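Working notes, structure below.
Taken together, the values in this text are just the output of simple stated rules run on the coordinates, not laboratory data. As the structure is a computational prediction, the values presented were derived from the model and not from experiment. Glycine also receives a Cβ, built like all others from the backbone with ideal geometry; neighbour counts cover every protein chain displayed.
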Amino acid sequence: MSKAEFIRHDGCTVIRMAEGRPFRILQLTDIHIGGGFLSRKKDKMALEAVAKIVRAADADFVVVTGDMVYPLFMFSGTCNNLKASRKFGEAMEKLGVPWTCVFGNHDEEIVAFYKKDRLAEYYSSLENCYFDKGDPSVTGVGNHFFRLETADGKPVNLLMMLDSNSYEGKSFFSGFDVIHDDQIDWYEKTVRENSPEGKLLPSLAFFHIPPKEFKEGWEKCYRGDPEAKYYLGFVGEKDNYFGYPKTKEGHFFRRMVKFGSCKGMFMGHDHLNTLSIEYKGIRLTYGMSIDYLAYVSMLGQIPTAKTHSQRGGTVIDISEDGTFDVSLLPLDDIAEQSSEK
């Protein structure tokens, strides 16, 4: 089966779809590679899971929506986030599939040895990784995009990668940050510059930390409000928890509703949530997580080493007209299929 073609340009990668079939994205999230002596066994489990999911998905492109690593010494045995990033990057490169990533809140912790700029240099150096550091004048590291086209060059969609940043202060306890207004300005400008005259191209946004409107939409969904529509997945976090910024006001969702280009937002962060709904015309989807390390070590959370139904990948199939379908690819299903053969 023919695959999509990736054409690198300065500041943008053009992707030409394979003729006669949808373009398939596999979203992975929250891998949480420790990279140290304490996390060796769990790192191996996580990377084996990634390999199984990538092979089963047979995707054209893999997008990892943050928290590739977990550089906390008491759980991984190191604070070297570059070492852990290399462990993940090398595993992805061996799979031979085009991929990119955005940063999550754990990729650059206050105790970690390296800043996101250094991690970005590493990811950008990999042969199959199409990560780009983005405009240094815009908040965050790794705001970049891809222009999806048909095999004959007709524009289909824009795939927008955003750094949703980390914390409002310097640590987890200061509260989560938001996508900043200058990043939203960049998003809108990029869409306008890459759209045909008189028309906005549809776009999909990939980032890590969810907006507060995701929970708002879910609450309307289970109350039967017609403004929200349930598609698939579930909320597995305790007490319907959504890890959106609680102390800082974010404008991304509201501005995207008004702008009209963004048709879907794909995120991670809350490992036990796999929910996908539509709210105010935007499809909001939590990617299935991989994590074997972080939640086991977080006080008060259900250990994900023992709970596993949330673990897997999320498949996005984009048609030539820009519409898309979302489906889940649970690791449990892949394991069952393997055992049946």
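In a reduced charge model with +1 at each Lys and Arg Cβ and -1 at each Asp and Glu Cβ, the chain shows a dipole moment near 560 debye about its Cα centre. Please find the FRET efficiency linking M45 to E193, where r is the Cβ-Cβ separation and R0 is fixed at 51 Å, and quote it to the nearest 0.05. It comes to 0.75. In this model, which of K42/K116; K52/K133; K44/K212; K229/K263 are farther than 22 Å apart at the alpha-carbon? Violating the 22 Å limit, Cα to Cα: K42/K116; K52/K133; K44/K212.
Subtracting the Cα-Cα distance from 0.36 nm times the residue separation, let me have the gained length for D325 to C12 in nm, one decimal. Mind dumping the intermediate values first?
Values: separation 313, 0.36 × 313 = 112.68 nm, distance 2.45 nm.
Using 0.36 nm per residue and subtracting the Cα-Cα distance, I get 110.2 nm.
Rounded to the nearest 5, what % of DSSP beta bridges with both residues in the chain are antiparallel?
On the way: 33 of 61 bridges.
So the antiparallel bridges in the chain amount to around 55 percent.
Give the relative contact order (percent, whole number) for the chain; include only Cα pairs under 8 Å separated by 6+ residues. Write down the numbers at each step before the final one.
Numbers: 806 pairs, mean separation 65.0, N = 341.
Reported as a whole number, the value is 19 percent.
Ranked by Cβ crowding within 10 angstrom, fewest neighbours first, how are S289, S195, S137, S203 ordered? Provide the component values of the computation, followed by the final result.
Numbers: S289 31, S195 17, S137 7, S203 27.
By the 10 Å Cβ count, ascending, the order reads S137, S195, S203, S289.
For region 80-170, the set of trypsin sites (Lys or Arg not before Pro) satisfying both a DSSP loop assignment and a count of at most 14 other C-beta atoms within 10 Å is given as K115, K170.
Summing charges over neighbours of P155, with a neighbour being any other residue whose Cβ is under 10 Å away from its Cβ, gives +2 when K and R count +1 and D and E count -1.
For the chain, what is the mean residue ellipticity at 222 nm derived from helices alone (per DSSP H run of n ≥ 4: -39500 (n - 2.57); sum divided by total residues; nearest 500 deg cm²/dmol)?
So the helix-based figure for the chain works out to -8000 deg cm²/dmol.
Which percent of Cα pairs goes in each bin when the distances of region 188-267 are cut into 10 angstrom slices starting at zero? Final binned percentages: 15, 43, 30, 11, 1.
Taken over region 99-258, the alpha-carbon convex hull comes to 161 cubic angstrom per residue.
The label-point distance for F113 and E19, in a model that sets each label 7 Å from Cα toward Cβ, rounds to 5.0 nm.
The alpha carbons of the chain stretch over 55, 47, 43 Å along the principal axes, in descending order. Charges were assigned to the Cβ only: +1 to each Lys and Arg, -1 to each Asp and Glu. The resulting dipole of region 138-202 about its Cα centre is roughly 160 debye.
Membrane-span-like helices in the chain, defined purely by DSSP H runs whose alpha carbon atoms cover 24 Å or more axially and whose average Kyte-Doolittle hydropathy reaches -1.0, are 40-57. When you filter the GluC sites (Glu not before Pro) in region 220-261 for DSSP loop state and at most 15 other Cβ atoms inside 10 Å of their Cβ, you are left with E227, E249. Estimated at 0.36 nm per residue, the fully extended path between D317 and D181 surpasses their Cα-Cα distance by 46.0 nm.
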